[in-house]
Amino acid sequence: MPCLPHIAIGQRAPEGQKRPAGTVRHLRKNPVYFLKDILKVNKVIIHTDGAARGNPGPAAIGATIKDETGNLIARISKRIGVTTNNQAEYRAIITALEKAINSGAKHVVLKSDSELVVQQINGRYKIKNTALRPLYQKVVQLTGSLESFTISYIPREQNAEADALANKALDEI
């Protein structure tokens with residue numbers, strides 16, 4: 001079993017001398033906390049949007065993740081290369097779910113302005129486009145780790161913040 005180094009807390013080597021071999025200087029007296037450990041998020045509300053200029057064309061995703069009281073947890077605005085609009089919609093959902101799960105969310109309410117994607121995830125529409133199947137399967141995998149998940153369609157006007165984030169990323173292309 002390896003020997004752990006001695007930790008010198010608040011001690012300085014005497015002037016002109018080095019610390020003894022095997023000692024490690026402790027940089028902080030207070031423990032370090034990560035934001036994800038402090039903010040124990042249980043339920044989140046996610047708004048997502050994917051956009052492509054051309055179909056396929058340059059694409060981007062936008063999403064907001066908020067807690068139950070409406071406090072912003074995360075904002076996503078990212079270019080994703082050349083893809084179709086529906087693929088961008090799925091990628092926005094996947095990215096937001098990954099972020100929410102990493103934040104500790106167990107209950108997710110997701111809202112999207114893509115009726116096709118929402119209906120496919122809810123099992124009401126078949127997935128005819130083979131390029132969407134792996135994306136759908138990734139959503140199923142991610143939602144399987146949650147205690148509860150609901151996804152619903154909302155009109156574009158109610159999804160303005162996620163839409164603006166996707167367009168902001170697209171404008172940077």
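Going highest first, how would you order 76-84, 56-64 by mean Cβ packing within 10 Å?
Going by the mean number of other Cβ atoms within 10 Å, highest first, we get 56-64, 76-84.
Output the peptides 42-49, 117-124, 153-160 sorted from most to least packed, where packing is the average of other Cβ atoms within 10 Å over each peptide's residues.
Sorting 42-49, 117-124, 153-160 by mean packing, highest first, produces 42-49, 117-124, 153-160.
Taking Rh as the Kirkwood radius computed over C-alpha pairs, what is the Stokes-Einstein D of the range 36-171 at 37 °C in a medium of viscosity 0.692 mPa s, expressed in µm² per second?
Taking Rh from Cα pairs, D becomes 224 µm²/s.
Rank-order 85-94, 141-150 by packing density, defined as the average count of other C-beta atoms within 10 Å over each peptide's residues, highest first.
Those peptides, ordered most packed to least, come out 85-94, 141-150.
No value in this document is a laboratory result; all are computed from the given coordinates. Since we're looking at a predicted model, the values are computed, not measured. Note that we place each Cβ from the backbone using ideal geometry, even for glycine, and neighbour counts take in every protein chain shown.
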